[in-house]
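Notes to accompany the following structure.
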Amino acid sequence: MQYLAPTTLDDAVSMLAAQAGDCRVLAGGTDLLVRMRSGFAEPDAVMDIKRIGALREITTEDGGFRIGAAVSGAEMAENAALVAAWPGVVEAAGLIGSTQIQGRATMAGNLCNASPAADSVPAMVAAGAVARLASAAGTRDVAVEDIPAGPGKTNLKPGEFVASIFLPARPARSGDAYLRFIPRTEMDIAVVGCGVSLTLDAGGTCTAARVALGAVAPTVILVPEAAQAIIGTKLDDAALDALAAACSAAAKPIADKRGTVEFRTHVAGVLARRAATIAKTRAGEQA
Amino acid sequence: MNAEFDPSVGTAVGRSTPKLENREKVTGRAEYIDDLYRPNMLHAAILGSPFAHARILSYDVSEALAAPGVVGVITGDDVPAGRMGAFIKDEHALAKGKVLYLGEPVAAVAAETLEQARAAVNLIRVEYLELPAVLSPEAGLAPDAPILHEALADYIKVFDAGSTGNLCSRTELTEGDVDAAWAGCAVIVEGEFTTQAQAHVAMEPCGALAEMDAQGRVTLWSANQSVFRVQANVCESLQLPMSRLRSLTPRVGGGFGNKMEAHIQPLTVALAMKTGRPVKCVLTREEDFEIVRARHPFRIRMKTGADAEGRLIARECEVLLDCGAFADDSPGVMGYALLMSGGPYRIPNQRATGKLVYTNKLRFGAYRGFGNPQVSFASEQQIDEIARKLSLDPIEMRRRNLLQPGDGWFVGPKVASNGLSACLDAVEKASAWGRKPDAKPGTRRAKGIALSAHISGLLGTGAIVRMLEDGTISLNTGATDIGQGSDTALAQICAETLKVPVEMVSVASPDTDGSPYNWGTTASRVTYTTGRAVAGAAGEVLRQAMGHAAEMLDVPVEDLELREGGRIAIRGSNTDLPFAAISGRAHWAKGGPIVGSHTLVFDEPTHDPKRAIALGLPFPRIGVFSFAATVVDVEIDEVTGQARVTEAWSAVDVGRAINPRLVDVQIEGGFIQGMGFALYEEMVWDGPKLANPSLLDYKVPTSADSPHVHSIIVEDPEPSGPFGAKGAGEIGLNPVPAAIANAVGAALGGVSHDLPLTAERLLPRIIEAEHAA
């Protein structure tokens, strides 16, 4: 097995293009190295992107944030401006693994691992995050919800990898939140996850919203009906009931060792309600 | 030096001496099995069965043997026909003729590197004839069920097991007249309960390293709870004389019952003998889940009756246990569970019966609590149920029924020290029981209580204490310290007896060549049972030292006394002799080196034939009871059903705390393990295959899940115990699932019939209660 360690994005895309066999991109390695160690992944080459300076930075762009693919969850949590603008996304990334894992795990890696239960992905989808894909052919921007194709599968083309994730600028009175249900308190895999991002007007009426669910379908799903249920409302009980109902209706989970269909469907609604309430409070605090 | 120890202040027993090996562990110097290497050592990998039940028709190991680095391969054809087992000898070193559970080791490879061994194991070809599998005890008892052990009748059994078909053993205990007693009850409650399989998840997975010398004698290091059980199991299965095998132990990273009986020691020895080279085999976490052992799933039918004042009159308990593929400790677990099924109460009429059934699953065996948490889950909920029906407070209900000082235990064991009432008082006060906790909006919250008792006296043990030339002390017991701190506690008992600082006592690592027999670090027995041997052996050393001193000072022994710091003095005088002078004389001039030894086997009968009828009792001599009362405060999310323990209080009567801090951590650790069992730990099978053999999908509590556990030590000295001590290892776990279930019952109403109490299970109860209201 070959280990590649490019120091520039240009080198990275050409190295990746030159690989005939199975080459995996290594960021934090918290999924890839575990899979390799347990024999589930046997790549011909591994390309470590942590030496590419540009991919280790969080930069502001058009009032939003561009987060390099090699930025860890711990580094995100230390960026005060990012935490202030997108607390739900940062919290979601911060739920991945333990403190030690936090020093390594990246959102781009979490996205490309393509687990339906990935914690940062519903938060990113709710945030309207856009992934920038790099390849020898150049770059292209793709909505985060369009990256996973199914459990463990992405829509990335050969020779292409996620270089950064962009979180857009926040209008005033915006807030986001991510909640998950786990049997324990920490270091666990989501039975259901829910991300909500919304914007209020000066009167407290919701003018825009995005709602995403994790672990209830083969990929993280955006639920437009759930957003519609709260847009135009002040998130009163009736609106939250409608939101919860829309999320439960959109949830199409499987029953497995981690949870039953009935429970996941029910909890999808519960979490949406709670996440929306937190997002609303955060939006109000911004006013 | 130990900062906490100040010899001028007092004595060794009752002090929270830090564990002797703490420095070694915090600096990473402690060596566990996987840290050991021998020159020329090979690494082993195991091939597991792909079927739950099948006949092995043939092996082809040629491809594996030709693979790079491979030095040897063993299959069932390479191991003798010997069978091992604590109660029923039904298990070979490696599957022979048949496989009985999915994952059962059928072959193993020794190679120069672990990678080569793992690659080669997949090149072994085994031809099977698949047989229908038995996946539940109910299925195992069906008239046309496939039979797992065709030769069961011929197996050696150490008790009257009543084995037949797939019935591994049966036990029946009766006292009083249960059938007649129901008529006199004002309240009767009855219910069915199930508990799940729980994995031990010791921090260190099982492993072994074996090496054969030029004489053909084998030295075996392994992660274990008893070097002597390792020796017995290896020698029985491989048909070796015990003198041919030396069993040793490195540091052990937790056991909880998992490392008491054999795991992969026999096959590792077989590989070392086959290759003539040292072989190390350490299980992966997944293998540790899949091929060692786990806590038994129980199906319990229980019925309890009381009079109108809440006094218990009758209790009936019927259990059905999944044994898994091999008997292991199962007959003991079932017998013990039945013995404990009445709880620490006066119940004049009791009947407890059980069936243990072979299934094509991983063997179930010893696990902290040994069947007690399972029956307590049923028993303690029925106490609360009766209290509710009679509008009695759960504590008042219990107080009316407590086993009183002087009372014996169900079936017959004597109970000497009994601090149960003090435990109940302590948790009532500490938890402010009478004050109802405030529930946050969207939550239900309540307290729950449960009581428990557990034995600590059984089987054989010994100690050798030597006074070294300079008067310092060497202690050798053969008891493996599995991380709980028994080396420290035993050193304290030795130091206390000889009035020397703990630092003057060295503790020898268990070694079947040099240590006296010790059945094992299990059953909460080391402090009590081995502690007695240590006190006896140290007492013998003192007797000899006194004899020397009397001759040296030319006074009668009666005029001498032992003083702090290890000095023997003439009473009322400043004339004294340090141990160094006495030991020097013994070594070089007169009498010979001072060595004291003491051995014992716990011999008080379990069964009193005048009191009860017992059939199929697997352990004829056990006793010495510790007691506990546990209160939990539980909060339940009304919309998800998720329960959390917010705070806990646990009072445990340990007779005398030799080392209070080590007792505290037993209480805390037992609580957390019991909470995991109550709320989320569950081994799940998908047909014959374990579906969650990983720390990703098998949920053990983390520190963030753990509430503040207030541990309260109660000391009602045990007359036969060393300095009054009794066991503390398991009792802290036993009442926890029951206490949590009782809190859930208080918060939501109703009885919890099935463990674990997951959100999925509790949510429908909340919704039902809302509909009813």
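Just a few scattered comments:
- Complete set of residues in segment A:1-28 that are over 19 Å from A:Leu133 (Cα atoms) and among the small types (Gly, Ala, Ser): A:Ala20, A:Gly21
- Only residues that are free of Cβ contacts under 8 Å to residues at least 60 places away in the same chain, within 14 Å of chain B (Cβ to nearest Cβ) and out of contact with any strand residue (DSSP E or B) (no Cβ under 9 Å at 6 or more places or on another chain) were counted across segment A:184-203, and they come to 1.
- Condition check for B:Val357: in contact (Cβ under 8 Å) with a residue 40 or more places away in the chain, at positive phi, in the same structural domain as B:Gly669 (by TED's automatic domain parsing) and of a type in the set (Val, Ile, Thr): no
- Unmet criterion (only one of (1) farther than 17 Å from A:Ser120 by Cα; (2) surrounded by fewer than 23 Cβ atoms within 10 Å (Cβ to Cβ); (3) within 12 Å of chain B (Cβ to nearest Cβ)) for A:Asp236: (3)
- Scoring B:Arg661 on the criteria (1) within 22 Å of the chain's Cα centre (by Cα); (2) over 29 Å from B:Arg399 (Cβ atoms); (3) away from chain A (no Cβ under 14 Å); (4) not in a helix (DSSP H, G or I) leaves a single failure, condition (4).
- Residue selected from segment A:247-263 under the condition modelled with pLDDT under 95 and part of a helix (DSSP H, G or I), by the criterion surrounded by the most Cβ atoms within 10 Å (Cβ to Cβ): A:Phe263
- Only one entry of B:Glu668, B:Glu647, B:Glu638 meets the criterion of being at pLDDT below 95 and either away from chain A (no Cβ under 14 Å) or farther than 30 Å from B:Phe723 by Cα (or both), and that entry is B:Glu638.
- Test: residue in segment B:749-762 that is part of a loop (DSSP other than H, G, I, E, B) and at pLDDT below 95: yes
- The condition of being touching a strand residue (DSSP E or B) at 6+ places or on another chain (Cβ under 6 Å), more than 14 Å from chain A (Cβ to nearest Cβ) and assigned to a loop (DSSP other than H, G, I, E, B) holds for only one of B:Asn734, B:Asn742, that being B:Asn734.
- Cβ-Cβ distances below 8 Å connect the following pairs, each with a first residue in segment A:246-275 that is more than 9 Å from chain B (Cβ to nearest Cβ) and more than 12 Å from A:Cys194 (Cβ to Cβ), a second residue that is among the hydroxyl-bearing types (Ser, Thr, Tyr) and assigned to a helix (DSSP H, G or I), and a separation of six or more residues or different chains: A:Pro253/A:Thr265; A:Thr265/A:Ser248.
- All conditions but one from (1) over 27 Å from the mean Cα position of the chain (by Cα); (2) not in a helix (DSSP H, G or I) apply to B:Arg170; the one that does not is (1).
- The number of residues in segment B:681-727 being in contact with a His (Cβ under 7 Å, 6 or more places away or on another chain) and either among the aromatic types (Phe, Trp, Tyr) or facing another protein chain (nearest Cβ under 9 Å) (or both) comes to 0.
- Elements of type strands (runs of 3 or more DSSP E) contained in segment B:259-370, each with 3 or more residues being modelled with pLDDT under 95: none
- Residues in segment A:131-157 that are of a type in the set (Val, Ile, Thr) and crowded, with 19+ Cβ neighbours inside 10 Å: A:Val144, A:Ile147, A:Thr154.
- Check on A:Glu160, under 28 Å from A:Ala245 (Cα atoms), away from chain B (no Cβ under 14 Å) and either polar (S, T, N, Q) or surrounded by fewer than 24 Cβ atoms within 10 Å (Cβ to Cβ) (or both): no
- In segment B:679-686 there is at least one residue that is in contact (Cβ under 8 Å) with a residue 40 or more places away in the chain and either in a strand (DSSP E or B) or at positive phi (or both).
- Verdict on B:Thr497 being under 28 Å from B:Ser243 (Cα atoms), outside the structural domain of B:Tyr367 (by TED's automatic domain parsing), polar (S, T, N, Q) and crowded, with 24+ Cβ neighbours inside 10 Å: no
- Condition check for B:Pro373: at pLDDT 95 or above, under 26 Å from B:Glu730 (Cβ atoms) and over 25 Å from the mean Cα position of the chain (by Cα): no
- Looking only at residues in segment B:411-437 that are in a loop (DSSP other than H, G, I, E, B) and of a type in the set (S, T, N, Q), the one that is nearest to B:Thr630 (Cα to Cα) is B:Ser431.
- Applying the criterion of being among the aromatic types (Phe, Trp, Tyr) and outside any helix (DSSP H, G or I) to the residues of segment B:371-410, the residue that is farthest from B:Phe51 (Cα to Cα) is B:Trp409.
- Extreme residue, farthest from the chain's Cα centre (by Cα), among residues of segment A:10-59 that are outside any helix (DSSP H, G or I) and among the hydroxyl-bearing types (Ser, Thr, Tyr): A:Ser38
- Take the conditions (1) small (Gly, Ala, Ser); (2) away from chain A (no Cβ under 14 Å); (3) farther than 30 Å from A:Glu262 by Cβ; B:Gly674 misses just one of them, which is (3).
- Cβ-Cβ under 6 Å pairs, at least 6 apart or on other chains, segment B:183-194 side not assigned by TED's automatic domain parsing to the domain that holds B:Glu385, far side charged (D, E, K, R): B:Ala186/B:Asp307; B:Val187/B:Lys389; B:Val189/B:Glu385; B:Glu190/B:Lys303; B:Glu192/B:Arg301; B:Thr194/B:Arg299; B:Thr194/B:Asp754
A quick yes/no check of all residues on (1) crowded, with 23+ Cβ neighbours inside 10 Å; (2) out of contact with any helix residue (DSSP H, G or I) (no Cβ under 6 Å at 6 or more places or on another chain):
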position	(1), (2)
B:Ser597	no, no
B:Thr606	yes, yes
B:Ile622	yes, yes
B:Asp637	no, yes
B:Gly641	yes, no
B:Thr646	no, yes
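- Identity of the residue in segment B:121-170, of a type in the set (Asp, Glu) and in contact (Cβ under 8 Å) with a residue 12 or more places away in the chain, that ends up farthest from B:Pro618 (Cα to Cα): B:Glu127
- The set of residues in segment A:140-154 that are of a type in the set (D, E, K, R) and either under 13 Å from the mean Cα position of the chain (by Cα) or closer than 17 Å to A:Pro122 by Cβ (or both) comprises A:Glu145, A:Asp146.
- Residue within segment A:214-227 that is among the β-branched types (Val, Ile, Thr), more than 16 Å from the chain's Cα centre (by Cα) and either away from chain B (no Cβ under 14 Å) or outside any loop (DSSP other than H, G, I, E, B) (or both) present: no
The values are calculated or read from the model by the stated rules, or taken from the named source; none is laboratory data. All figures in this text were calculated on a predicted structure; none of them were measured in a lab. All Cβ positions, glycine included, derive from the backbone under ideal geometry; neighbour counts span all protein chains shown.
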